[in-house]
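Encoded as structure tokens, the structure appears first; notes follow it.
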Amino acid sequence: MKLYEYQAKEVFKEAGISVPNSILIEQENELDKAIEIVGLPLVVKSQVLSGGRGKAGLISFVKNVEDAKSHVHRLFTHELKIKKLLVEQAVDIDKEIYVSITVDPLNATGLLIASAEGGIDIEVLAVTQPDKIIKEPIDLRYGLMSYQAISVSYELGLNPTQVKEMSRLLLKLYDVFKKYDAELVEINPLFITKTGEFVAGDGKLMIDDNSLFRQSRYERSLDDYKTEAEYDALLEGIPFIQFDGDIGLMCAGAGLTTTVYDLINYEGGTVANYLEFGGPNYKKAVKAMEICLKVPSKVILIVTFGTIARADVMAEGIVDAIQRLKPDRPIVTCIRGTNEAEAVRILKEAGLEPLFDTEEAVRKAVSLAKGV
Amino acid sequence: MSIFIDQHTKVLVQGITGSEGSFWTKHMIELGTQVLCGVTPGKEGQTVEGLPVYNTVRKAVLMHDVDASMLFVPPKLTKDAVMEALAAGIKKIVTIADGIPLHDMVLIRQAAKEHQAMVIGGNTTGVISPKVAMMGSFPHWIERVYKKGHVGVMTRSGSLTNEVTAMIVEAGYGVSTLIGVGGDPVPGTRFAEMLPFYENDPETNAVVIIGELGGTMEEEVAEAIKNKTFTKPLVAFLGGRTAPKGQKMGHAGAIITGGKGSVEDKIIALTEVGALVAKRPRMVGKLLETLNVPKSY
């Protein structure tokens, strides 16, 4: 789960990492008060979860009240339906640094990444000038050691006073990484101000979804989602993504669902939604279909090849869902796996024509969607 | 012969009294697996399928000569259960749990390395040598998928494995050993680490890998072929060719970031070293034919 910048900064502040003075506003009329507190010049930052906010025009540097008002108005009426703006004091910058802590999947360690060239596209720098990026593996049994934080700070080319500040900050950042079961914690840019302070200019904190059972501080709300279907799916723990094509997918397993997505594209069809109801969700056919029906699509395609997710249980669930929800669009089924003979009997009894071959099922769905 | 598990492997089941644990223990035995005993804290004295249940792994290994442990343990308890098995000296561990915390997996993998042990999973269905033995949750009775033969299969996925393996069988092949390394970003064991076992297995003539977008496991396989540490024919099927960039589709491992780990990258890496990549599941069998892999049926 990715947190908003203001949430990440809240966490940083509690951990003892400096952040610029700021006020979160949710309405235009809260701006005057915010300006009073943070002062001018200031930065108005849209609180959205997508990256590249600067390039998308979602962050504005303003010097006077009129500009602040017009930008706040522009952002609150933006097509992205921005709900929250962070009004933040502008910082006098001397230097910008990049720093993050993540997991290195290949070596299965924590990884501290730092660069003296902060504030820019770090992915680009990693390709063009890899020598400008410092990577320090962290043994999660011991955590980030002081000597590592100090070594990295020297390698960034900082002076001894700055090294002291920087290494303290890195240790605090590691505490956040550990405490929040982070996939990624990132400060880019980390400002060194003209007065020598280290201040987090931005904040990114991604909590590992598998750890949410022990990370209950932040929750998602309907506001964070583009559609009601996406939010419903989240609450049910059903992996779901909405697109704008014709065929609604209701498949089991990430690999199989992704493959069916590919096959639809090969056949010239388009996908309305990705939905997985396998694994722990295989008894949730009714809920899964309810979510699929909230998405505008022309046909629903159900493909499974289940092991633990028994075919007969899924078939029963689908028949139950059809009887309860009375879908307004055709349904193509291709249900295989444990107890598939029983599944076929159940589906046929309910008047469906079960298919057995994934490619055949995909072609059928594509032709139904095209109205052929 | 098969790799990782055969009819001689002596298996302990952690979490044997749970509904999944007891259900799959029955099927592991039915296939021919030597399951000796189980562990569930607080359930010592009970039996499952006639096998004794102990409170701790420590006690179980005292009473039985165990080679491997199969975990049917919830994700939040997996780290502890793996550590318990490692501490008892068990060198082969399979965990099917879906949803193990990322930081826990990092610690599990480091501990396994230190103990010179192998942990397969999580987020997998396990390991099976059809008609011989299995550790995991495979519907081994489905003939058109779990047919014995000479093609090794490694996979990051569950139901896609059934789909692709059915196509391998449809083309007249069978499976030597199938290993599900799992769909998590940090798996206990990576594709490339299993390749030497397939290379040295006289029953394996070729290997099929079932991968997907995200991560670098497929690129590491290409590297092994390039270094000639793996020399048998290899066919890959990769899901997510048409996935929109930057979108997380299902598996935590299946994410494209900054262009790295895309299916195109993987196809280039694999085809450059002479492996073949199937566009559709059904093509996997045909590509094995192209590489002159002898059929079993």
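The values are calculated or read from the model by the stated rules, or taken from the named source; none is laboratory data. It should be emphasised that the depicted structure is a prediction, and the values quoted were computed from it without experimental measurement. Here the Cβ positions follow ideal geometry from the backbone for every residue, glycine too, while neighbour counts run over all protein chains shown.
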If a residue must be touching a residue at least 60 places away in the same chain (Cβ under 8 Å) and either aliphatic (A, V, I, L, M) or within 14 Å of chain B (Cβ to nearest Cβ) (or both), how many such residues does the range A:189-214 contain?
10
Give the residue, chosen from B:P52, B:P75, that is within 23 Å of the chain's Cα centre (by Cα), touching a residue at least 12 places away in the same chain (Cβ under 8 Å) and surrounded by 15 or more Cβ atoms within 10 Å (Cβ to Cβ).
B:P75
Within the range B:202-244, restricting to residues that are in a loop (DSSP other than H, G, I, E, B) and under 20 Å from B:G149 (Cα atoms), the one that is nearest to the other protein chains (Cβ to nearest Cβ) is B:F230
State which residue is farthest from the chain's Cα centre (by Cα) when the search covers only the range A:139-155 and only residues that are under 23 Å from B:H103 (Cα atoms) and surrounded by fewer than 17 Cβ atoms within 10 Å (Cβ to Cβ).
A:Y147
Picking from A:K194, A:K164, the residue that is charged (D, E, K, R), at pLDDT below 95 and not assigned by TED's automatic domain parsing to the domain that holds A:D232 would be A:K194
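Please find, within the range A:259-284, the residue that is nearest to A:D232 (Cα to Cα) out of those that are charged (D, E, K, R) and more than 10 Å from every other protein chain (Cβ to nearest Cβ).
A:K284
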Within the range A:93-136, how many residues turn out to be within 19 Å of A:A200 (Cα to Cα) and of a type in the set (D, E, K, R)?
5
Under 6 Å between Cβ atoms, which residue pairs at least 6 apart in sequence (or on different chains) link something in the range A:98-110 that is without any contact (Cβ under 8 Å) to a residue 24 or more places away in the chain and within 9 Å of chain B (Cβ to nearest Cβ) with a partner that is surrounded by 22 or more Cβ atoms within 10 Å (Cβ to Cβ) and among the hydrophobic types (A, V, I, L, M, F, W, C)?
A:P105/B:V186; A:A108/B:V106; A:A108/B:V186
Within the range B:92-134, the residues that are of a type in the set (S, T, N, Q), more than 15 Å from the chain's Cα centre (by Cα) and farther than 19 Å from A:F177 by Cα are B:Q116
Residues of the range B:86-122 being in contact with a Ser or Thr (Cβ under 7 Å, 6 or more places away or on another chain) and closer than 15 Å to B:T9 by Cβ, which ones?
B:I90, B:I93, B:M118, B:I120
Does the range B:170-201 hold any residues that are more than 13 Å from every other protein chain (Cβ to nearest Cβ) and over 30 Å from A:T109 (Cα atoms), and which are they?
B:A171, B:G172, B:Y173, B:G174, B:V175, B:S176, B:D201
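State yes or no: is A:L249 part of a strand (DSSP E or B), within 13 Å of chain B (Cβ to nearest Cβ), crowded, with 17+ Cβ neighbours inside 10 Å and touching a residue at least 40 places away in the same chain (Cβ under 8 Å)?
Yes; evaluated as a whole, the condition is true for this residue.
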Filter the range A:299-331 down to residues that are over 25 Å from A:V366 (Cα atoms) and among the hydrophobic types (A, V, I, L, M, F, W, C) and give me whichever is farthest from the other protein chains (Cβ to nearest Cβ).
A:V313
Considering only the range A:9-33, state which residues are out of contact with any Asp or Glu (no Cβ under 8 Å at 6 or more places or on another chain) and under 19 Å from A:L205 (Cα atoms).
A:K9, A:E10, A:V11, A:F12, A:K13, A:E14, A:G16, A:I17, A:V19, A:L24
